[in-house]
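In what follows, a structure is listed as structure tokens, so that the remarks can point back to it.
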Amino acid sequence: MKISSAENERIKYLRRLQADATLRRRERRFLIEGPAAIRSILENNRRPLEIFWCPELFQDIAILNMARALRITITELSLKSFAKISDVRTPQGIATLFAIDEPSPEAVLGNRNGLFLCCHGIQDPGNMGTMIRTADAAGADAVIALPPSASFYNPKTVRASAASILNIPLLSFEENDFLAFARKEKINLFSAVAKGGAPFRSAMFNRPACIVIGSETHGIPPQIQKQGAEVSIPMRNGVDSLNAAVAAALLLYQAAREPDK
């Protein structure tokens, strides 16, 4: 199939999907752009619903052949129509449509040896995507978002995750619901605080463990801190905070080194 017109209804729908979080939630669909992410997806036998390809921008036949071998529908777009659906200034000519997976919190967070990352108020989608990618790399079992956090499926989040968004379960909670669920499942919370917490290198991240990272501006609410332990990353005098994604990486890799409890 080929779409030439940028005013085609299908193109308008995909453009809205990129821009509208409510539509993404309702349709349970999102786009992933870029050859590196899509190559990784296909090499791992992930099956997107559809691939959109602009021959003027993308000529890597190997990726297209992988998609054909998996019997994935490939829709050819004109330069103008692909530019309409792309979220980047310089489109690379290939994008995929995926279904949003909605895992059961009980199935994911019921893992008694689980290691989880909870993002509270991480509003920058680039940070959110980097934290998803880091959690995946560190072997974490899920990423949890509490409001007001960026959408997991914001195009900038998806791009920063580098396809890790498909590898790790993603869960969204309201704050009170998450705290109640953590109590019920006896999940040990470890809140990252700038000062006053246990030094992260000596903290015991007893499983199931959930590392909570707050925004650099507002931190973590007291009600979350009170439900668990606090951990701190030592910093030189005069430095107030670390980037949230950097803090998440340090704590996740430290927690991953802990012996199973």
- If R0 = 25 Å, then GLU185 and ARG25, at their Cβ-Cβ distance, give a FRET efficiency to the nearest 0.05 of 0.50
- Query: Which GluC sites (Glu not before Pro) does region 152-247 hold that lie in a coil by DSSP with at most 14 other beta carbons within 10 Å?
  - Reply: GLU174
- Message: Through the Karplus equation 6.51 cos²θ - 1.76 cosθ + 1.60, θ set to phi - 60°, convert the phi angles of region 170-183 into ³J(HN,Hα) values in whole Hz; use x for Gly and Pro.
- Response: 10, 10, 10, 9, 6, 4, 5, 5, 5, 4, 5, 5, 4, 5
- Task: Assign unit charges at the C-beta atoms only (+1 for Lys and Arg, -1 for Asp and Glu), then state the dipole size of the chain relative to its Cα centre in Debye, rounded to the nearest 20.
- Result: 200 debye
- Item | Simple label model, 7 Å out from Cα along Cβ direction - ALA69 to GLU102, nm | 3.5 nm
- Regarding region 2-99, what whole-number volume in Å³ per residue does the convex hull of its Cα atoms give? 90 Å³
- Task: May I ask you to derive the FRET efficiency for VAL88 and MET1 from their Cβ-Cβ distance with R0 = 30 Å, giving the value to the nearest 0.05?
- Result: 0.80
- Query: Extension gain LYS195-ARG112, at 0.36 nm per residue separation less the Cα-Cα distance, in nm?
  - Reply: 27.0 nm
- Item | Magnitude of the charge dipole, region 2-99, Cβ model with Lys/Arg +1 and Asp/Glu -1, debye to 20 | 380 debye
- State, in angstrom, two size descriptors of region 147-186 derived from its alpha carbons: Rg to one decimal place and Dmax to the nearest whole number. 12.7, 34
- Give the value in nm², to one decimal: projected area of the alpha carbon convex hull of the chain, averaged over all directions. 14.9 nm²
- Task: Return the lysines within reach of LYS226: Cα separation strictly under 24 angstrom, same-chain partners fewer than 8 residues apart disregarded; answer none if there are no such residues.
- Result: LYS184, LYS186, LYS195, LYS261
- Task: Let me know the charge dipole size of region 105-257 about its Cα centre in debye, to the nearest 20, where only the beta-carbon of Lys, Arg (+1) and Asp, Glu (-1) is charged.
- Result: 420 debye
- Query: Got a sec? Charge dipole of region 2-99, +1 on Cβ for Lys and Arg, -1 for Asp and Glu; which of THR22, LEU70, ASN44 is way out at the positive end?
  - Reply: THR22
- Query: Which Cα, out of ALA198, PRO234, PHE116, lies furthest along the positive dipole direction of the chain (beta carbon charges, K/R +1, D/E -1)?
  - Reply: PHE116
- Task: Rank SER5, ALA247, ASN176 by how far each Cα sits towards the positive end of the charge dipole of the chain (+1 on Lys, Arg Cβ; -1 on Asp, Glu Cβ) and give me just the farthest.
- Result: SER5
- Among beta bridges assigned by DSSP with both residues in the chain, the antiparallel ones amount in percent, to the nearest 5, to 25 percent
- Message: As a test of the formula, what do you get for the chain when each DSSP H run with n ≥ 4 contributes -39,500 (n - 2.57) and the sum is divided by the residue count, at 222 nm and rounded to the nearest 500 deg cm²/dmol?
- Response: -10500 deg cm²/dmol
- Would you work out the relative contact order for the chain, in percent, from Cα pairs under 8 angstrom that are 6 or more residues apart? 19 percent
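Each reported figure results from applying straightforward, stated rules to the coordinates on display, with no laboratory input. Small disclaimer: the values here were computed from a predicted structure and weren't measured. As a convention, Cβ positions derive from the backbone with ideal geometry for all residues, glycine included, and neighbour counts pool all protein chains shown.
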